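See below for the structure under consideration.
The values are calculated or read from the model by the stated rules, or taken from the named source; none is laboratory data. What you are looking at is a predicted structure, and each value in this text was computed from that prediction instead of being measured. Here Cβ is always computed from backbone atoms with ideal geometry, including for glycine, and neighbour counts include all displayed protein chains. We work out accessible area using only protein heavy atoms, side chains counted, and drop any ligands, DNA or RNA first. Shrake-Rupley method; radii C 1.70, N 1.55, O 1.52, S 1.80 Å.
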Amino acid sequence: MATRPGPSPRVRRNRLIAGLVVAMLVVVASAWVIAALAPSAGSASPSPSPSATPTATPRPAPTATATPTPVDTFDKAAHSIDDPDSIWVVVDKLRPLNPADYEPSDLVVVPVAHTWEPLMRAEAADAIVRMFQAAADEAGLSLASNSAYRSYGSQERIYDGDDTLTARPGFSEHQTGLTMDIGAESGYCSSTCASPTPQRGSGCATTPTGSGSCCGTRRIRST
Ligand SMILES: [Zn+2]
């Protein structure tokens, strides 16, 4: 059997070249297909939706604050400070009553706890009653009158010649009928306070049980 001769070297070389060309074309075509199918870089990532642009909250324009016009509602001339019958009369050791033996015409008994029965002018008495009630209701304090109206004659008996402790007759606020010395209802006094108590202050104090109460020197002053 005769052996069929193989292709010549030139033919084999041409076939090899043709094979390489085909392989290159396949590679190029594949690369083109892949590139065509792949999403473009620009559209790969979704672009964020635009966020709303923050808008500044409108603020009211500042307006100039009108300067309040002071209104003088207190009428300094409403009452006299010299007339002994005036509710505003001012009496002290340099401002005597005129006349010196002045006596109010509208004195009433003040219905409050007391050491001596208190008399005051009617308007002052009403105010004192309200104040004592408020002290009891709002602070639980039991107040009492130690001295209220004192006549010229009473002040003559009280005045001991020491102007730092007592007022001369005609120079005492008590003679106006508008003044009251107030202390604790317990009435117990000493010159020093032994301990803090609910009713300490304004001269007098007392413990809730009524023992150990005290008052300062103001309580026993009779000006
Ligand atoms: Zn007094």
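Observations on the structure shown:
- Subset of the range 121-161 [under 20 Å from residue 106 (Cα atoms), within 13 Å of the ligand (Cβ to nearest atom) and part of a helix (DSSP H, G or I)]: 154, 155
- Among the residues of the range 162-175, those that are within 11 Å of the ligand (Cβ to nearest atom) and of a type outside the set (Gly, Ala, Ser) comprise 165, 166, 173, 174, 175.
- Inter-residue pairs, beta-carbon under 6 Å, first at pLDDT 95 or above and in the range 102-120, second part of a loop (DSSP other than H, G, I, E, B) and of a type in the set (D, E, K, R), 6+ apart: 113/185
- In the range 76-90, the residues that are more than 11 Å from residue 177 (Cβ to Cβ) and at pLDDT 95 or above: 78, 79, 80, 81, 82, 83, 86, 88, 90
- Whenever a residue of the range 68-80 is open to solvent by less than 100 Å² (accessible area, probe 1.4 Å), its partners that are part of a loop (DSSP other than H, G, I, E, B) and of a type in the set (A, V, I, L, M, F, W, C), lying with C-beta atoms within less than 6 angstrom and at least six residues away or across chains, give the pairs 79/87; 79/88.
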